[in-house]
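The values are calculated or read from the model by the stated rules, or taken from the named source; none is laboratory data. Computed from a predicted structure; not experimentally measured. Ideal geometry is used to build each Cβ from the backbone, glycine not excepted, and the neighbour counts take in all protein chains shown.
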Amino acid sequence: MSIQKIKAIDAIQEAQKIAFAPFVFQATISLRKLGVLDLIFNRRKKGGISIEDISKELSISVYGIGVLLEIAESSNIVIKNDDNKYEITTIGYFLTYNKTVDVNINFTNDVCYKGLYHLNDSIKEGKPEGLKELGNWDTIYEGLSQLTPEVQKSWFEFDHHYSDDIFQDALEIVFRKNPGLIFDIGANTGKFAISGCKYNETVSIKMIDLPGQLKKALVNVKDKGFENRVSGHEIDWLSENPKIPTGADVIWMCQFLDCFSKDEILKILKVCVGSMEENTELLIMETYTDRQKFDNAKFILEATSLYFTVLANGNSKMYKATELMELVDQAGLTIKEDLAVGEYHTIFVCKKK
Ligand SMILES: C[S@@+](CC[C@H](N)C(=O)[O-])C[C@H]1O[C@@H](n2cnc3c(N)ncnc32)[C@H](O)[C@@H]1O
């Protein structure tokens, strides 16, 4: 939409929506938590439900339900029908029952909401100034294993939601040449390592991550009975001289490089190149802003970038594929294959030049 084409009356409406966006967001949180949206949805075949009945069924005042539903109606989350009863709209339905929206709402509320207040300072300082709302660390990754259970749950659900579903497709690419040893860089909770061991009976996997995260991942691997084939290597990529072992047939990085600035990515890739043989494949799986078919997917990635700015580390983002391609080239790698995986992800299969 060009700026000339929107009428002033519509433009002021949009501007006011932004001015009060946190109000609409918190009202939505409340409507979800109190079960108001569920209740309205469940009454859809009975012609909706009145405010008095909602109040009675949920034991909440008519006043409380009223203020929430007023703004929900103006935000097209619910509508009031001719009998003065509330019904849920398609937007309200997605806010209540769509898995991706659910994961995003919980991540925004539990992990990001308080921290986002400090965004302006983060932009000026290049530091995650909002992180102090969660704990006293330099980056969120140092604190992942120490977050409160509610925050941790929402962080991991967000993280896993964007990789779990495509792991199966990704495994087929990772295992095409039957690798004997894989390095999983940024192994997180060990989910990929566990899936890899289930997928292939002989593969060994070395998970490479920060000490706190690695400890948790190794426990998860042991719980699944794969401790004989999965080992760990502690690293802090932000330290002076990070090193990884040699000998991998495949180095796997999934949604990992977006946790770093361009300079840091270059350093990480160069360390990997130093550990690679001629035939080693480095597989980078990411969601790129310039590879999204749907506007809402691009929008999610842009919001995720702000999470990196204000909470994660202050200097990373969701990148364009073209930006990563340049860094891969500068690090001494060539992209042998550029593969679309699922609807949102891309795998670059890289080899040493
Ligand atoms: C977004 S998660 C990766 C998720 C996982 N690969 C997946 O696909 O679900 C980023 C991972 O990078 C690790 N990480 C972040 N900063 C790091 C650092 N400075 N050194 C080592 N690992 C780091 C985190 O601990 C985390 O496991």
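Given the structure, is Asp10 part of a helix (DSSP H, G or I) and over 27 Å from Gly115 (Cα atoms)?
Values: part of a helix (DSSP H, G or I): yes; over 27 Å from Gly115 (Cα atoms): yes.
It is true that Asp10 is part of a helix (DSSP H, G or I) and over 27 Å from Gly115 (Cα atoms).
Of the numbered conditions (1) within 16 Å of the chain's Cα centre (by Cα); (2) within 16 Å of the ligand (Cβ to nearest atom), Lys127 satisfies every one except a single condition; which is it?
Lys127 satisfies every listed condition except (1).
Here are Thr304, Thr322: which of them is out of contact with any strand residue (DSSP E or B) (no Cβ under 6 Å at 6 or more places or on another chain), loosely packed, with under 15 Cβ neighbours inside 10 Å and part of a helix (DSSP H, G or I)?
Details: Thr304 fails: loosely packed, with under 15 Cβ neighbours inside 10 Å.
That would be Thr322, the only listed residue that is out of contact with any strand residue (DSSP E or B) (no Cβ under 6 Å at 6 or more places or on another chain), loosely packed, with under 15 Cβ neighbours inside 10 Å and part of a helix (DSSP H, G or I).
Take region 212-234 and flag every residue that is within 9 Å of the ligand (Cβ to nearest atom) and either on the phi > 0 side of the Ramachandran plot or at pLDDT below 95 (or both). Walk me through it before giving the result.
Filtering region 212-234 down to residues within 9 Å of the ligand (Cβ to nearest atom) leaves 212-214, 217, 234.
Listed by number, the residues that qualify are Gly212, Gln213.
As an exercise: evaluate Asp164 against (1) farther than 25 Å from Ala21 by Cβ; (2) free of Cβ contacts under 8 Å to residues at least 40 places away in the same chain; (3) more than 20 Å from the chain's Cα centre (by Cα) and give the number of the one condition it does not meet.
Just one mismatch for Asp164, condition (3).
Determine if region 321-331 includes at least one residue that is of a type in the set (Val, Ile, Thr), within 15 Å of the ligand (Cβ to nearest atom) and farther than 27 Å from Gly180 by Cβ. Before the answer, list the steps.
Of region 321-331, the ones of a type in the set (Val, Ile, Thr) are 322, 328.
Narrowing the set further to residues that are within 15 Å of the ligand (Cβ to nearest atom) leaves none.
No, because not a single residue in region 321-331 is of a type in the set (Val, Ile, Thr), within 15 Å of the ligand (Cβ to nearest atom) and farther than 27 Å from Gly180 by Cβ.
Quickly run through region 260-280 and pick out the residues that are under 18 Å from Lys243 (Cα atoms) and either at pLDDT below 95 or among the charged types (D, E, K, R) (or both). Lay out the reasoning, then the answer.
Filtering region 260-280 for residues under 18 Å from Lys243 (Cα atoms) gives 260, 263-277, 280.
Answer for region 260-280, where residues must be under 18 Å from Lys243 (Cα atoms) and either at pLDDT below 95 or among the charged types (D, E, K, R) (or both): Asp263, Glu264, Lys267, Lys270, Glu277.
Against the conditions (1) modelled with pLDDT of 95 or more; (2) within 15 Å of the ligand (Cβ to nearest atom); (3) not acidic (Asp, Glu), where does Asn178 fall short? Just the number, please.
It is condition (2) that Asn178 fails.
Here's a check for you: in region 263-300, which residue that is among the aromatic types (Phe, Trp, Tyr) and part of a loop (DSSP other than H, G, I, E, B) is nearest to Gly190 (Cα to Cα)? Working first, answer last.
Within region 263-300, the subset among the aromatic types (Phe, Trp, Tyr) is 288, 294, 299.
Subsequent filtering for residues that are part of a loop (DSSP other than H, G, I, E, B) retains 288, 294.
On the way: Tyr288: 23, Phe294: 30 Å.
The selected residue is Tyr288.
So, of the residues in region 130-142 that are near the ligand (Cβ under 10 Å from one of its atoms) and either part of a helix (DSSP H, G or I) or in contact with a strand residue (DSSP E or B) (Cβ under 7 Å, 6 or more places away or on another chain) (or both), which turns out to be modelled with the highest pLDDT? Walk me through it before giving the result.
Step one: list which residues in region 130-142 are near the ligand (Cβ under 10 Å from one of its atoms), which gives 138-142.
Still in the list and also either part of a helix (DSSP H, G or I) or in contact with a strand residue (DSSP E or B) (Cβ under 7 Å, 6 or more places away or on another chain) (or both): 140-142.
Details: Ile140: 94, Tyr141: 89, Glu142: 89.
That would be Ile140.
Which condition number does Ser275 fail, the rest of (1) more than 22 Å from the chain's Cα centre (by Cα); (2) surrounded by fewer than 21 Cβ atoms within 10 Å (Cβ to Cβ); (3) touching a residue at least 24 places away in the same chain (Cβ under 8 Å); (4) within 13 Å of the ligand (Cβ to nearest atom) being met?
(4)
Given the conditions (1) of a type outside the set (A, V, I, L, M); (2) within 8 Å of the ligand (Cβ to nearest atom); (3) touching a helix residue (DSSP H, G or I) at 6+ places or on another chain (Cβ under 7 Å), which single one is not true for Ser145?
Unmet condition: (2).
Return the residues of region 148-167 that are of a type in the set (S, T, N, Q) and away from the ligand (no atom under 13 Å from the Cβ); say none if nothing qualifies. Reasoning before the result, please.
The first filter runs over region 148-167 and keeps only residues of a type in the set (S, T, N, Q), leaving 148, 152, 154, 163.
Matches in region 148-167: Thr148, Ser154.
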